[in-house]
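S.K.: This structure is in structure tokens; I'll ask about it shortly.
The values are calculated or read from the model by the stated rules, or taken from the named source; none is laboratory data. As the structure is a computational prediction, the values presented were derived from the model and not from experiment. Neighbour counts run over all protein chains shown; Cβ positions are idealised from the backbone, glycine included.
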Amino acid sequence: MSSSVLLQVSQKLMVQGYSGHATYTGGIDVATKIIKSYGVRGLYRGFGLSVMTYSPSSAAWWASYGSSQRVIWRLLGYGSDSKATVAPSQSKIVLVQALKQYEINSDVTPVIHVAYPL
């Protein structure tokens, strides 16, 4: 299921009961009513705008990520011009991933992966 679909359903659930908004019994009820009223396209309302909003920042993030990975691997001797014939160890792979995560999040509070945001 697309995040756009989940966003539509959660938004409808959040505003239910307010003046002029329907009341729902749950997420499936919301999805069913949207499909009956607008068809499947109704579940994707606003998707195009979301794509236009997040695409530039996502492209910049992935470009930064890829570039940083290449720099770190070259520093460790595994670049495209490297003579290394042995694949990097598991610990080196984890180290490179950790370095990149630290670089991405160094200007904010350390990232703790939990079910709820801090």
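S.K.: Name every residue in the range 1-38 that is among the aromatic types (Phe, Trp, Tyr) and surrounded by 12 or more Cβ atoms within 10 Å (Cβ to Cβ), in order of residue number.
M.R.: Within the range 1-38, Tyr24, Tyr38 meet the criteria.
S.K.: Could you tell me whether the range 7-17 includes any residue that is in a helix (DSSP H, G or I) and either of a type in the set (Ser, Thr, Tyr) or modelled with pLDDT of 90 or more (or both)?
M.R.: Scanning the range 7-17 turns up at least one residue that is in a helix (DSSP H, G or I) and either of a type in the set (Ser, Thr, Tyr) or modelled with pLDDT of 90 or more (or both).
S.K.: Report every pair of residues separated by at least 6 positions or lying on different chains whose Cβ atoms are under 8 Å apart, first residue within the range 9-37 and on the phi < 0 side of the Ramachandran plot and basic (Lys, Arg), second assigned to a loop (DSSP other than H, G, I, E, B) and surrounded by 11 or more Cβ atoms within 10 Å (Cβ to Cβ).
M.R.: Qualifying pairs under 8 Å: Lys12/His21; Lys12/Ala22; Lys12/Tyr24; Lys33/Ala22; Lys33/Tyr24.
S.K.: Right, next: Scanning for something exposed (fewer than 12 other Cβ atoms within 10 Å of the Cβ), over 30 Å from Lys12 (Cα atoms) and of a type in the set (Val, Ile, Thr), does the range 39-54 turn up at least one residue?
M.R.: There is no residue in the range 39-54 that is exposed (fewer than 12 other Cβ atoms within 10 Å of the Cβ), over 30 Å from Lys12 (Cα atoms) and of a type in the set (Val, Ile, Thr).
S.K.: I'd like the residue in the range 75-108 that is basic (Lys, Arg) and at pLDDT below 80 and, out of all such residues, is nearest to Ser64 (Cα to Cα).
M.R.: In this case the residue turns out to be Lys100.
S.K.: A further question follows. Output the qualifying pairs, or none if there are none: Cβ atoms under 6 angstrom, residues six or more apart or on different chains, first residue in the range 56-76 and surrounded by 10 or more Cβ atoms within 10 Å (Cβ to Cβ), second residue of a type in the set (Lys, Arg).
M.R.: If the second residue must be of a type in the set (Lys, Arg), the pairs left are Ser68/Lys100.
S.K.: Let me ask something additional. Within the group Ser37, Ser55, which residue is in a helix (DSSP H, G or I) and under 23 Å from the mean Cα position of the chain (by Cα)?
M.R.: Only one candidate passes the filter, namely Ser55.
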